[in-house]
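Student: Have a look at this one.
The values are calculated or read from the model by the stated rules, or taken from the named source; none is laboratory data. The structure displayed is predicted, hence computed values, not measured ones. Cβ: placed from backbone, ideal geometry, glycine included. Neighbour counts: every protein chain shown. Heavy atoms of the whole protein, side chains included, go into the accessibility calculation; ligands, DNA and RNA do not. Shrake-Rupley method; radii C 1.70, N 1.55, O 1.52, S 1.80 Å.
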Amino acid sequence: MVTCAPLWRRTVLGLALVGIAAGSASGQRGKKDAPQQEFTRQGLLILNFAPHTGADMKLGRKAADAVRSRVGRFVDKKEVDIIDAGDVAYRMERAGYNPDTTFDLPEIRATGKYFRADEFVTASVSNGPAGPRLSGSLVLLRDEKLRQPLPDAAAPKLDSAALLFARSIAAARVQLAPERRCENALRDGHGLRAVEAAREGVKAYPRGAIVRTCLVWALHQNGAPYAEVLAEADSLLAIDSLNPHGLEAAAVALDSLRRRDAAAGYWLRLAATDTADLDLQGRIGYALLDGGNAARAEPYLVALSNAHPEEIRFVLQKWRAAYENKHWPLAIAAGELLLERDSISRRDSLFYYRLGLAYHSANRPYQAIEMLAHGVHAFPKDAKMYSLYTQYVKAEADTAVPRGLALFPQSVELLNIHATELRARGKVSEALDATRQIVSLDSAAKHGHVVIAQFQIELGRPDSALAALHTALASGDDSTYVGTYALAKGNALYQAAASGTQSNADLAVALRMLAFADSVQSSDRSRFLTGVAALAVAQTALKESMKLTDKVESCKRVRMAADVIPVARSGLHAGETSFAETARQSLDILDNQLDPYAQQQLKVLCVDSDRPPSQRN
């Protein structure tokens, strides 16, 4: 038999009935087994109601007695045991309480455990011009967050109001059996069965906050969409706006849906439900920080830490929130406190790194250098710490970087600093060597091969630069970045050659760079610039062929021109829209002058160029 309460909750009568039923079943063949109760009988505790300010203290006891005496009319006594008022009064008198005393939650909890109750009613009573008004909730002792708000009951006379309130208690209890089925199914790992049981409870009692809580749990365990979990949590909160289980479920769902600000609102509402539960407060702090809500978390954590200065965990959370929000004075104050009181922080190199950064960002450079120097001393193998320390110690840059590389010869961060300083001093070749070392250590270094290409160009090695760009592309660098860089450098090489040396070799280098750029990221501009460069190569090659006396060498120049003419024509046609006038003029020269001349020279100079020298005319 599945139960939701300990076996000692069974009454002597209940045990006797079970024994009789078992004996009857074994002794009378052919008869049906007597129906057995699904759950053990639950104990319901109703203590004195809390009278409103100024009301007679006896009114609370009278209201509780009136409700208690009437609940039994509406419930199955085999399912619920209403704890006797006389037993409670006797116990309270023995403990020295006034019979009219109103009990707080810890006292209700202790009393309920003594009488082995499973449920209790916490309620209040007021006596206005229209008569008594009763309000309260049905609460499960095993989890006081599982509670059911009851509708207010008002009537001209206390007995009438008590009758309405008792009927509400009985109606609310309809959800409890399905809720226990739901929890048992969850315990056994049957999520779908739990959802079905909970929905049966909701159907039986639509305002059931307790059974809706289990429905939310079941949906979450069953992997339901977060939007569905959120909708059910909101339905629960519509009944009980301060329900902790509903608030937490809604907050988790909103975090999962990346609705950060709304999630923060629910987390903070949950925090307000039990400010004395420091574990809950700490858990909410981490939920806010991990959920990307550092801005909303900071004032909450500052107040929490100030209220509980002895709790180092709250100082840690305040430090994290202030650091993420870049509120440096607050971060520094919290960090200094951690440095003084928290041994774990003192063993964390990242803590020193961040506290040094906070000092620097707060324009406190001496403290930043001091903190990082301490960190470098305490953590001599932390290259990242040393890198930040080096950046801050500007006056010692000449000695700090070489010393750092001696300690950390494979530190990418230090090599980057070293390469930057070398280039600033005009030592491009040394900067190139440092960058090559960076790429060899970190193949994923951002645009490392493109930087190498830039240094090669600065050193007058465009072909080596082009080789570096090919390597950049092959190593997975961003093709858009590589293509854009190659197009700009190819155009610059062409402009320099066209307006300067006018050398066929220099123009050919520019053409190769532009053709590579077009192959990586083709556009009308890249095709047109490639065509212009190819036209220039063809022109200079034909001019050089005229000056050469050696027929074989002249033929090579003519063949070069003939080979690039199709490239020039294709590229110039691509520019007819964006570069219409230039493209038209260039195509006119190409089609009417260069191409006919090249074809003619091929016949004159290259008719026997492929033959061995002994067989040539």
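Student: Using only the alpha carbons of the chain, what is the convex hull's orientation-averaged projected area in square nanometres?
Tutor: The directionally averaged projection comes out at 53.6 nm².
Student: So if I place +1 on the C-beta of Lys and Arg and -1 on the C-beta of Asp and Glu, and nothing else carries charge, what would the dipole magnitude of the chain be about its Cα centre? I want it in debye, nearest 20.
Tutor: Charge dipole, the chain, about its Cα centre: 1440 debye, nearest 20.
Student: Would you mind computing, in nm to one decimal, how far apart the modelled labels at residue 373 and residue 324 are, each placed 7 Å from Cα along Cα→Cβ?
Tutor: 3.3 nm
Student: I need the trypsin sites (Lys or Arg not before Pro) found in region 331-436, filtered to DSSP loop residues with at most 11 other beta carbons within 10 Å of theirs.
Tutor: Listed in order of number, the matching sites are 347, 381, 425.
Student: For region 52-94, what class follows from the C-alpha gyration tensor (a ≥ b ≥ c being the square roots of its eigenvalues): rounded when a/c is under 1.5, otherwise prolate if a/b is larger than b/c, else oblate?
Tutor: Judged from the Cα gyration tensor, region 52-94 comes out oblate (a/c at least 1.5, b/c at or above a/b).
Student: Hey, another quick one. Which FRET efficiency, nearest 0.05, do residue 257 and residue 152 yield, Cβ-Cβ r, R0 35 Å?
Tutor: After rounding to 0.05, the efficiency reads 0.50.
Student: Once the piece of chain linking residue 463 and residue 503 is laid out straight, how much longer is it, given 0.36 nm per residue of separation minus the C-alpha distance between them?
Tutor: 12.9 nm
Student: Related question: Cα to Cα, under 29 Å, and not fewer than 8 places away if on the same chain: which lysines meet these conditions relative to residue 77?
Tutor: The reachable lysines, counting only those whose Cα sits under 29 Å from residue 77, are 31, 32, 58, 62, 113, 145, 157, 203.
Student: Something else: Given a 1.4 angstrom probe, what's the average accessible area per residue across the chain, in square angstrom?
Tutor: 51 Å²
Student: Towards the positive end of the charge dipole of the chain, with charges on Cβ (+1 Lys, Arg; -1 Asp, Glu), say which of 305, 112, 490 has the farthest Cα.
Tutor: 112
Student: With unit charges on the beta carbons (Lys and Arg positive, Asp and Glu negative) and the dipole taken about the Cα centre of region 243-401, which residue among 351, 293, 401 sits farthest to the positive side?
Tutor: Going by the charge dipole, the pick is 401.
Student: Under a Cβ-only charge scheme (Lys and Arg +1, Asp and Glu -1), can you give me the dipole magnitude of region 107-165 about the Cα centre, in debye to the nearest 20?
Tutor: The dipole magnitude comes to about 100 debye.
Student: Can you sort 213, 420 by solvent-accessible area, 1.4 Å probe, largest first?
Tutor: 420, 213
Student: Compute the Rg to Rh ratio over region 503-617 from the alpha carbon atoms, using the Kirkwood formula for Rh, and round to two decimal places.
Tutor: Taking Rg over the Kirkwood Rh, I get 1.04.
Student: Can you pull out the trypsin sites (Lys or Arg not before Pro) in region 300-335 whose DSSP state is coil and whose Cβ has at most 16 other Cβ atoms within 10 Å?
Tutor: 326
Student: Continuing with the same structure: Please name which of 72, 339, 161 has its Cα lying farthest along the dipole of the chain towards the positive end, using unit charges on Cβ (Lys, Arg +1; Asp, Glu -1) and the Cα centre as origin.
Tutor: Positive-most Cα among the choices belongs to 72.
Student: Could you work out the Kirkwood radius for region 433-498, taking every pair of different alpha carbons, averaging 1/r and inverting it, reported in Å?
Tutor: 12.0 Å
Student: When you have a sec, figure out the Kirkwood radius of region 113-268 from all distinct Cα pair distances and drop it here in Å to one decimal?
Tutor: 16.5 Å
Student: Relative contact order of the chain: what whole-number percent is it, with Cα pairs under 8 angstrom and at least 6 residues apart?
Tutor: 5 percent.
Student: Rg and Dmax of region 396-510, using alpha carbons, in Å: what are they?
Tutor: Expressed in Å, the Cα Rg and Dmax of region 396-510 come to 15.9, 50.
Student: Moving to a separate point now. Principal axis lengths of region 262-329 from Cα atoms, whole Å, largest first?
Tutor: Taking the Cα atoms of region 262-329, the three principal extents are 31, 31, 15 Å.
Student: May I pose another question? Treating only the Cβ atoms of Lys and Arg (+1) and Asp and Glu (-1) as charged, compute the dipole magnitude of region 268-314 about its Cα centre; round to the nearest 20 debye.
Tutor: Result for region 268-314 is approximately 180 debye, rounded to the nearest 20.
Student: Hey, any idea what % of the chain's accessible area is carbon plus sulfur with a 1.4 Å probe?
Tutor: Carbon with sulfur: 53 percent of the solvent-accessible area.
Student: Which value in nm describes the separation of the simple spin-label points at residue 447 and residue 581, placed 7 Å from the Cα toward the beta carbon?
Tutor: Output for this residue pair reads 3.4 nm.
Student: Roughly speaking, what is the stretch gain from residue 602 to residue 410, that is 0.36 nm per residue apart minus the C-alpha to C-alpha distance, in nm to one decimal?
Tutor: Contour length minus the Cα-Cα distance gives 63.4 nm.
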